[in-house]
Amino acid sequence: MLRSVIWGAALFSVLSAGAHALPANNNELVKTFTRAQQLGAEGKFDEAISIYQGLIKSHPLLPEAYNNLAALYLKQKNTRQARFVLEQGLHAHKGYGVLYESLTAINVAMARQAYSKALQIDVKPADISIATLSLEEESLKGKNQPIVISKERASDKKPVEVEPAKSNQARENEKEKEVIAAITSGAIKREAVTSPLKPVVVTSAKSVESPETVLQAWSTAWSAQAVDVYLSFYHEHYKPVNGMARKNWEQSRRFRLKKPRWIQVSLSDFNVVKNTGKQAVISFKQVYRSNSFHDVSDKQMVLIYTDDGWRIYREKSL
Amino acid sequence: MMFLRILTYLSFCLVSSVVIAEDLQLAKLTNYDSNHPAAFSASKISSVLNKLEKRLRIYPRDHEAELLKSILYFKSGKLEQALAELDTLIKKVPDFQLAYLLKGDLLLSKFGNTNNIGQSTILSSIVPRLKEDKKQQLAFLREEAQLRIKALLDNKKRNTLPRQILALGESVDKALLIDKSANRMYVFSRKESGELFEEVNDYYITTGKLVGDKSVKGDLRTPEGVYFVTSWISPDKLPDKYGVGAFPVNYPNELDRRNGKTGYGIWLHGTDKGSYSRPPRDSEGCVVLTNIDLESLKSEIKPGITPVVIANKVEWIDYASWQKERHEIIQAVENWRMDWESMNINKYLSHYGKDFWSASHNLKSWSARKRYLAKSKTYQKVMFSDLSVLVYPKKEQDNQQIAVVRLQQDYRSNNFKSEIYKRLYLTKKDKDWKILYEGR
């Protein structure tokens with residue numbers, strides 16, 4: 001939390017410092033980025049690192065820079081710094097699926113090493129590394145404005161601009177309403193919500209955690225291929241739509257979630273058809289991508305509010 | 001944002017799983033299950049953290065405290081701080097297996113469900129095909145973790161004293177008390193006043209592979225009773241598995257031998273290099289400490305003097321009961337001394353139980369000898385000092401209590417003079433303590 005606050009503040013100051021701090025045009029940015037890539041490839045890590053650091057400062061919303069900087073730290077065996085950089089990048093914008101994947105890869109590799117030490121298993125100490133990325137075209141759109149890139153956008157091919165300050169303000173107002181609702185409703189839990197510009201700590205009651213938030217968490221568990229977490233979002237009386245037995249369905253989900261090398265699911269266009277507080281019907285657009293498959297579908301879900309929060313009761317494609 | 005959401009979501013589950021109604025509970029600290037209602041109190045977490053900080057101030061090499069700090073950070077949602085703490089710990093103690101296990105768990109905590117230490121759903125997929133012995137090792141580490149956490153959260157000791165240690169003589173600075181069921185060794189220190197003593201530290205220990213009291217050679221059990229450290233064996237005279245050295249204790253003691261117990265070589269010793277600690281029940285009967293802990297205690301343990309009381313479960317009693325028991329035994333010894341000095345041979349002999357024995361006597365021959373000697377005495381002066389009282393752990397089947405008294409005896413009479421250390425075993429069946437054994 002502290003880190004995200006610091007980061008948010010740093011980001012804010014960079015942005016408010018004005019557009020003139022940014023390179024005059026994309027060509028210059030591409031040149032700088034390519035130079036960093038070259039230096040990295042030549043093994044001149046320190047020089048490459050300082051260029052990426054500069055790029056992150058001037059272009060805080062450039063995921064490739066975070067990723068490649070992390071990759072270089074890994075080459076220097078500085079896993080902690082690598083993870084730190086990736087977490088920073090993830091705090092900067094929600095859609096950096098690529099950074100999330102890199103972070104997962106590092107954590108899993110580190111965990112494997114830790115477990116093998118714990119159990120005194122001889123595993124070849126493999127170097128942890130992540131792929132170096134080239135600058136994606138999407139990252140360069142938006143001219144002199146801070147650049148937003150996300151997998152979501154890459155998949156639906158719809159350029160997304162940074163939301164104007166006013167809209168951020170509007171969003172924060174909504175958050176504030178949630179806070180007030182939470183405070184007036186009693187039972188308070190802590191939840192951290194970070195917006196790209198300014199992290200805010202929102203205190204909201206469990207009872208007002210919206211079904212949409214739960215679905216976002218559901219999709220993230222799916223993307224993380226964390227099967228047990230994913231399955232925990234389903235109500236105990238959830239019935240698969242095709243009449244499959246619950247146990248078989250769980251098995252097939254387990255398989256489907258674990259099989260791809262990576263999965264990225266994003267949800268958008270939420271439409272609350274009904275929400276009585278005990279039951280909610282919600283439709284939304286679901287973009288599913290994995291290393292082998294790409295699918296956009298419209299979904300409708302029925303959620304039921306339980307002692308543990310909202311749980312998925314029915315799920316169907318429209 | 002999406003990443004943050006799941007982070008937030010998961011960390012909420014984790015935080016909410018720590019139910020701290022009265023105290024932090026073991027189950028809640030080792031279980032990451034999200035189905036517990038939230039009753040999280042940051043003040044409880046911080047009070048336990050303070051306790052750990054205090055421990056580290058007293059004993060900077062208390063690596064267990066560092067491990068526990070990391071767990072608490074994690075449980076209060078501070079994952080990065082928890083990982084940083086572990087990394088520092090691993091740097092200092094590169095063979096602390098449990099620290100690695102926890103690190104793996106924490107790294108994966110974002111991605112999988114972990115309902116116990118070393119039970120991440122992801123563990124099996126990233127360390128595939130664990131052999132049986134490794135599965136066993138994992139179970140041992142989990143057990144070690146639980147015992148260490150349990151010791152931290154154990155509040156039974158608050159405002160209580162161990163019935164096993166009732167008095168420590170002036171020459172006895174330290175006493176070691178072992179609780180086999182908790183895999184813990186407590187170190188007590190004698191206060192200047194001599195009246196009371198205080199617990200200075202406690203340590204995770206490894207005991208015999210099998211539970212229960214030792215009775216025969218090779219039964220892989222740790223004996224229960226009152227023992228004394230007899231010597232120090234330096235590591236250069238020992239195989240590697242004993243680590244930084246060993247303190248043998250006097251098993252089988254006088255009572256053990258009387259009861260026909262066999263076996264030998266019950267030692268307090270260190271750990272083979274390559275491992276910081278050993279599983280909870282892993283020795284052939286010895287009490288195993290980490291090398292770091294043993295090194296730090298080495299100068300405090302005195303061969304021939306330091307008592308080691310081993311109980312399956314230490315009896316923690318309130319101060320009033322403790323005082324009563326202490327007084328009762330000290331008074332019994334004092335009455336014996338006075339009756340001895342008084343030259344009333346019948347009164348003197350009344351302090352000996354019918355099962356009494358010494359190195360060369362039973363009650364009958366002892367009585368005859370004493371009656372004979374009494375005839376030559378015109379006066380006797382008996383003085384006791386440096387008195388320690390240690391009590392055997394109570395067992396279900398026992399119909400008697402046993403205490404061990406070690407004291408310095410200064411004896412003078414018209415025709416004899418001696419200054420010796422004595423060891424007495426006292427027994428209480430009904431209402432009076434009787435002498436069961438008397439010897440040096």
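The values are calculated or read from the model by the stated rules, or taken from the named source; none is laboratory data. Note that the coordinates shown come from a computational prediction; the quantities given were computed from them, not determined experimentally. Note that we place each Cβ from the backbone using ideal geometry, even for glycine, and neighbour counts take in every protein chain shown.
Restricting attention to the range B:74-85, the residues that are crowded, with 17+ Cβ neighbours inside 10 Å and either more than 18 Å from A:Ala82 (Cβ to Cβ) or more than 9 Å from chain A (Cβ to nearest Cβ) (or both) total 8. For the range A:307-318, a tally of residues being over 17 Å from A:Glu212 (Cβ atoms) and either modelled with pLDDT of 85 or more or in a strand (DSSP E or B) (or both) returns 2.
Across the range B:198-225, the number of residues qualifying as within 12 Å of the chain's Cα centre (by Cα), under 22 Å from B:Asp256 (Cα atoms) and of a type outside the set (S, T, N, Q) comes to 2. Can you name the number of the only condition in (1) closer than 30 Å to B:Ile420 by Cβ; (2) at pLDDT below 95; (3) within 18 Å of the chain's Cα centre (by Cα) that B:Tyr264 fails? In the conditions (1) closer than 30 Å to B:Ile420 by Cβ; (2) at pLDDT below 95; (3) within 18 Å of the chain's Cα centre (by Cα), B:Tyr264 misses (3) alone.
Of the strands (runs of 3 or more DSSP E) that lie entirely inside the range B:222-269, not one contains 3 or more residues that are in contact (Cβ under 8 Å) with a residue 60 or more places away in the chain and of a type in the set (Asp, Glu).
Just checking, does the range A:78-98 include any residue being away from chain B (no Cβ under 12 Å), of a type outside the set (S, T, N, Q) and surrounded by fewer than 22 Cβ atoms within 10 Å (Cβ to Cβ)? Looking through the range A:78-98, none of the residues is away from chain B (no Cβ under 12 Å), of a type outside the set (S, T, N, Q) and surrounded by fewer than 22 Cβ atoms within 10 Å (Cβ to Cβ). Evaluation of B:Ser321 against the conditions (1) of a type in the set (Ser, Thr, Tyr); (2) under 29 Å from B:Gly212 (Cβ atoms); (3) crowded, with 17+ Cβ neighbours inside 10 Å shows that the sole unmet condition is (3). Conditions first: (1) assigned by TED's automatic domain parsing to the domain that holds B:His269; (2) crowded, with 21+ Cβ neighbours inside 10 Å. B:Ile149 passes all but one, so which condition is the exception? Every condition holds for B:Ile149 apart from (1). The test for being at pLDDT 80 or above and either surrounded by 18 or more Cβ atoms within 10 Å (Cβ to Cβ) or in the same structural domain as B:Thr271 (by TED's automatic domain parsing) (or both) holds for B:Arg55. Within the range A:221-273, the residues that satisfy the criterion of being assigned to a loop (DSSP other than H, G, I, E, B), in contact with a helix residue (DSSP H, G or I) (Cβ under 8 Å, 6 or more places away or on another chain) and either more than 14 Å from chain B (Cβ to nearest Cβ) or among the aromatic types (Phe, Trp, Tyr) (or both) are A:Phe233, A:Tyr238, A:Lys239, A:Pro240, A:Met244, A:Trp262.
Selection of the range B:415-428 for residues being touching a strand residue (DSSP E or B) at 6+ places or on another chain (Cβ under 8 Å) and more than 19 Å from B:Ser385 (Cβ to Cβ) yields B:Tyr425, B:Thr427, B:Lys428.
Results for (1) basic (Lys, Arg); (2) farther than 21 Å from B:Pro280 by Cα; (3) outside any strand (DSSP E or B), shown as yes or no for each residue.
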position: B:Leu166; (1), (2), (3): no, yes, no
position: B:Asn201; (1), (2), (3): no, no, no
position: B:Gly212; (1), (2), (3): no, no, yes
position: B:Gly218; (1), (2), (3): no, no, yes
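Against the criterion of being modelled with pLDDT under 95 and either touching an Asp or Glu at 6+ places or on another chain (Cβ under 6 Å) or closer than 27 Å to B:Lys324 by Cα (or both), B:Lys394 qualifies.
Filtered by the rule that a residue be surrounded by 15 or more Cβ atoms within 10 Å (Cβ to Cβ) and part of a loop (DSSP other than H, G, I, E, B), the range B:358-394 gives B:Ser358, B:His361, B:Tyr392, B:Pro393, B:Lys394.
Results for (1) under 19 Å from B:Val308 (Cα atoms); (2) among the basic types (Lys, Arg); (3) surrounded by fewer than 21 Cβ atoms within 10 Å (Cβ to Cβ); (4) touching a helix residue (DSSP H, G or I) at 6+ places or on another chain (Cβ under 9 Å), shown as yes or no for each residue.
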position: B:Ala175; (1), (2), (3), (4): yes, no, no, no
position: B:Met185; (1), (2), (3), (4): yes, no, no, yes
position: B:Glu192; (1), (2), (3), (4): no, no, yes, no
position: B:Asn201; (1), (2), (3), (4): yes, no, yes, yes
position: B:Ile205; (1), (2), (3), (4): yes, no, no, yes
position: B:Val226; (1), (2), (3), (4): yes, no, no, yes
position: B:Pro235; (1), (2), (3), (4): no, no, yes, yes
position: B:Arg258; (1), (2), (3), (4): no, yes, yes, no
position: B:Lys273; (1), (2), (3), (4): no, yes, yes, yes
